[in-house]
Amino acid sequence: MAAPTDCDASQTLLEQVRDALDNATPLRIQGSNSKAFLGRDSAGEILDTRVHRGIVSYDPTELVISARAGTPLGELQAVLDAAGQMLPCEPPAFGTGATLGGMLASGLSGPRRPWAGAVRDFVLGTRIISGLGQHLRFGGEVMKNVAGYDLSRLMAGSYGCLALVTEVSLKVLPKPRHCLSLSLELPAGQALARLAQWGQQPLPISAACHDGSRLHLRLEGGEGSVAAARDRLGGEPLDSHYWNRLNEQQLPFFDPGLPLWRLSLPHNTPELALPGTQLLDWGGAQRWLKSDAPAERIRAMASASGGHASCYSHGLLDSPFQPLEPTLLHYHQRLKAQLDPQGIFNPGRLYPEL
């Protein structure tokens, strides 16, 4: 039997959370489980958000959409696409059943991230069930409404450790009028130098990736500006599906083998002699690394450049995400204690101490 496209199961979810609180039972929040390979394993009774689904409101003229957390991401994107709009942050799905709640909880963004913004930048408001058994609303549906706005944004990348998100309101944008992808033969160091120069110029670049031998670019905007940029940059045509394959980790680089690492680095970080095979995304700000080097060495190199490293190979490390500095960990623990005092939501999914 097909799942309903619209179902408000918030009361059922609230009762499940309250029962867990009464019985001191941890909860493992999940949708389709498409991001299960990220982070640590979390014990607990499964709370499946997919029963709570459907678009609550959508006004294309206002560029705002609100939907329940269990809504399939593909369903939401299809509605936006029909209106000529999109989620600018290009969240990866890693599967056909990915949900809106999982998108927010993981906080992952695609190739357009440096030019458009991250998932958290488009969150206008949320509804959550807290660890006190309360169903609360934060933020709203307009950018100027900042009441609770920062708390809503904190849900991005929290991996369900702070609260159970039941509804999300997002700002969306019109799809670009014209799109063209190019490929240029350039060594990585030279490609990074050129990207730094181009970043100071009005070029309609919306994605940039270096695969070890070639620089791939995506140009988006008006037909005239895209054509002018192509004439200036040169290069060869590139299949536009490349960016989705990159985003969904379907390129040959991501084939199983050596452990996969993600390094998040400051903008304009120069080429690094990392111990392994690299693929540079986000114009060099996100670097994928296939390497069996010790975690301490990889993380030390990322830290020395002002960034951090996360291991995407499930089960390889007890702490896949880079350990927090003591002061930052203290603030995370205080925030967890305020929203989830009994620690029932996804205990230990991010860090053992949370």
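The values are calculated or read from the model by the stated rules, or taken from the named source; none is laboratory data. Keep in mind the model is a prediction, meaning the values are calculated, not measured. Here Cβ is always computed from backbone atoms with ideal geometry, including for glycine, and neighbour counts include all displayed protein chains. Ligands, DNA and RNA are excluded from the accessible area calculation, which covers all protein heavy atoms including side chains. Shrake-Rupley method; radii C 1.70, N 1.55, O 1.52, S 1.80 Å.
Scaled against the 2.2 N^0.38 Å expected of a compact globular protein of N residues, the Cα radius of gyration of the stretch 1-144 reads 1.07.
Mean projected area of the convex hull spanned by the Cα atoms of the stretch 259-354, taken over all viewing directions: 6.8 nm².
Full extension of the chain between ALA24 and GLN338 yields a length gain of 111.4 nm, computed as 0.36 nm times the residue separation minus the alpha carbon distance. Residues of the stretch 258-294 falling in the label zone of ASP318, defined by backbone nitrogen less than 19 Å from a point 7 Å along Cα to beta-carbon, are 294.
Between ARG50, ARG68, ARG214, the GNM of the chain built on Cα springs shorter than 10 angstrom shows ARG214 fluctuating the most.
Note on LEU329/ASP239: beta-carbon distance plugged into 1/(1 + (r/R0)^6) with R0 of 41 Å gives a FRET efficiency of 0.40. Between THR71 and GLY54, LEU100, GLY101, the built amide H atoms are under 5 Å apart, and every one of these is 5 or more places off in sequence or on another chain. Computed over protein heavy atoms with a 1.4 Å probe, the accessible surface of the chain works out to 45 Å² per residue. Under Stokes-Einstein, with the Kirkwood radius over Cα pairs as Rh, the value for the stretch 170-236 at 10 °C and 1.306 mPa s is 127 µm²/s. Using a simple spin-label model with points 7 Å from Cα along the Cα→Cβ vector, what separation in nm is obtained for GLN201 and ARG137? Calculated label separation equals 4.9 nm. Other residues with beta-carbon under 15 Å from the beta-carbon of LEU180 carry, at +1 per Lys or Arg and -1 per Asp or Glu, a net charge of +1. For the listed peptides 216-225, 38-47, a ranking on the average number of other beta carbons within 10 Å per residue, highest first, reads 216-225, 38-47.
In the chain, the portion of solvent-accessible area held by carbon and sulfur atoms comes to 52 percent [1.4 Å probe, whole percent, DNA, RNA and ligands not counted].
Remark: the stretch 51-61, residue by residue, has Karplus-estimated 3J(HN,Hα) of 6, 10, 9, x, 7, 7, 7, 7, 10, x, 6 Hz, where x stands for each Gly or Pro and the curve is 6.51 cos²θ - 1.76 cosθ + 1.60 at θ = phi - 60°. Each residue of the stretch 277-294 is assigned a 3J(HN,Hα), and the resulting list reads 9, 10, 9, 9, 10, 6, x, x, 6, 10, 10, 8, 9, 9, 7, 9, 5, x Hz, derived from the Karplus form 6.51 cos²θ - 1.76 cosθ + 1.60 (θ = phi - 60°), x at Gly and Pro. Taking the square roots of five times each eigenvalue of the Cα gyration tensor of the stretch 151-275, the equivalent ellipsoid has semi-axes of 29, 22, 15 Å, listed largest first.
Evaluated over the Cα positions of the chain, the convex hull gives a direction-averaged projected area, one quarter of its surface, of 18.2 nm². With θ taken as phi - 60° and the Karplus curve 6.51 cos²θ - 1.76 cosθ + 1.60 applied, the whole-hertz 3J(HN,Hα) list for the stretch 20-35 is 5, 5, 5, 9, 6, 9, x, 10, 9, 7, 7, x, 7, 6, 6, 9 Hz, x standing for glycine and proline. In terms of its Cα atoms, the stretch 20-100 spans 46, 27, 17 Å along the principal axes, sorted from long to short.
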